[in-house]
Each structure stands twice: as C-alpha cells, then as structure tokens.
1. Does His175 count as open to solvent by 30 Å² or more (accessible area, probe 1.4 Å) and either touching a Cys at 6+ places or on another chain (Cβ under 9 Å) or not in a helix (DSSP H, G or I) (or both)?
2. Are there any strands (runs of 3 or more DSSP E) wholly within segment 106-166 with 3 or more residues that are more than 14 Å from the ligand (Cβ to nearest atom) and open to solvent by less than 40 Å² (accessible area, probe 1.4 Å), and if so which?
3. Looking only at segment 7-27, which residues are under 12 Å from His61 (Cα atoms) and open to solvent by less than 50 Å² (accessible area, probe 1.4 Å)?
4. Select from segment 68-78 the residues that are surrounded by 19 or more Cβ atoms within 10 Å (Cβ to Cβ) and of a type outside the set (S, T, N, Q) and write down the one among them that is nearest to Val8 (Cα to Cα).
5. When both residues are 6+ apart or on different chains and their Cβ atoms are under 9 Å apart, which pairs have a first residue that lies in segment 135-149 and is within 13 Å of Met78 (Cβ to Cβ), and a second that is open to solvent by 50 Å² or more (accessible area, probe 1.4 Å) and within 16 Å of the ligand (Cβ to nearest atom)?
6. Pull up segment 48-59, narrow it to residues that are surrounded by 24 or more Cβ atoms within 10 Å (Cβ to Cβ) and free of Cβ contacts under 8 Å to residues at least 60 places away in the same chain, then point me to the one that is nearest to the chain's Cα centre (by Cα).
7. Go through (1) open to solvent by 10 Å² or more (accessible area, probe 1.4 Å); (2) at positive phi; (3) within 16 Å of the ligand (Cβ to nearest atom) for Asp30 and report which single condition fails.
8. State all residues of segment 167-177 that are among the hydrophobic types (A, V, I, L, M, F, W, C) and away from the ligand (no atom under 16 Å from the Cβ); if no residue qualifies, say none.
Amino acid sequence: MIHEILAVGMLQCNCSIFGDEQSRDAIVVDPGDEIASILAILAKHQLRVKAIIITHAHIDHIGGAQKLKAATGAPVYMNARDQELYDQMDMQAGWLGVPTPDRTEIDVAAREGDSVKLGSAEFHVLDTPGHTQGSISLWIPSEDKLIAGDTLFLDSIGRTDLPGGDYEQILRSIHAKLLPLDDKTVVIPGHGPNTTIGRERARNPFLRGL
Ligand SMILES: [Zn+2]
C-alpha cells in the first residue's frame, strides 16, 4: 500500500494519501488545503481517487474537499453529525482570519460499522465523538494503522473547548474504540508526529487512570 502523509495549510493538518499498487485506486483523508500538492502526489503514483474521507468538519481538515472533489470526481464521506459544523464554515474561517473555502455536498454519510475498500484493505469507520460530535477515526487492520483525526495525538488528545466539543465524551471514545486496538497499531493523528496505541496507552498523560 502506498501511503504518503502531507501536512497542509496554516494549521498543518496531516492529509493521508493511500494508494493501491494494483488497481491504482486511492483514498484521500482530510484534504484541508494545498490541493495542488495532493494532486501532484496522486499524479506521481498514477492514482485515481475513489473516496475522499473527512475525519471531522473543522476547516483545516475539510477546507480543500470541494476543490479535490472537483478535480477528481470522487465522493466525499463524512459523519452527518458534523454537518452543522460544516454549515458554519464562514464562522470557522473567521476564527483563522482566512477566506471561506467553497463548500461541497457530502455524498456519503460515514457511520460506525461502515468500511471502505482499497484493494484488499478495508478502512473501518469508528465513531469517536468528543472533539466534534461527528468525529470519526479510520482503522485499517491489514496495515496496522489508525487515522485518528483530532481525537488522539502523541502525548495528547483533541481539544474540546470548541463548539461541539465534550471532554468526558472524547475520553470515553478513546477508551472504548481506540485503546482496545493492538499495541503495535500506528496512530496517524490529525496534526504532528505519528505514535502507536501501545505508547499512548502507557504514556499519554490524559489517559492515566482510564
Ligand atoms: Zn479539529
């Protein structure tokens, strides 16, 4: 499996580009910005995007979705509980002092239990609300990888002080959905360096006593 991680935009959101070597199909997660760079990576590997998956509707994760969809024709997946947040894109742009990006239709409502295939790999949708009400994570068991959005970070967890955030809920999500995964599962957070489930279970200061 091809997997490139590109930190995009002012807030350096980790955009993941996965490609299947046989079919040349690709999944792009969280195209927040810098769509030209994402398209260049896709072209370099001769990949066609079959799905654009959004972990949550914060502008730094979803801001480029419309442009990427327009360039590739791929459907956009997002949890419907973040639609309201997506509808407030001008407010979010105001927080950052940036122009409001063009919006796209959400084509597929991503739900707990759904999976999206890429070659022989399956991307499983896990509901992990707390950072936002519609936050999801993507677990790819055949790759031992977890795309955590802004739910779990190296030594930290997602902030819960923005609209839709809930501190008790994000802890419950991490405890119920993420910590049960195998220790060796590589965690690709929404920002910053990768970590593993084993490391965060042992050392993350926010998860002590869970
Ligand atoms: Zn966020």
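1. no
2. So the answer is 121-127.
3. Ala7, Val8, Gly9, Cys13, Asn14, Cys15, Ser16, listed by residue number.
4. Ranking the qualifying residues of segment 68-78, first place goes to Leu68.
5. Hits for this filter: Ser135/Arg81.
6. So the residue we want is Ile54.
7. Unmet for Asp30, out of (1) open to solvent by 10 Å² or more (accessible area, probe 1.4 Å); (2) at positive phi; (3) within 16 Å of the ligand (Cβ to nearest atom): (1).
8. Leu171, Ala176
The values are calculated or read from the model by the stated rules, or taken from the named source; none is laboratory data. None of these values were measured; they are calculated from a predicted model. Cβ atoms come from the backbone with ideal geometry, glycine included; neighbour counts cover every protein chain shown. Areas reflect the complete protein model, heavy atoms only, side chains present, ligands, DNA and RNA absent. Shrake-Rupley method; radii C 1.70, N 1.55, O 1.52, S 1.80 Å.
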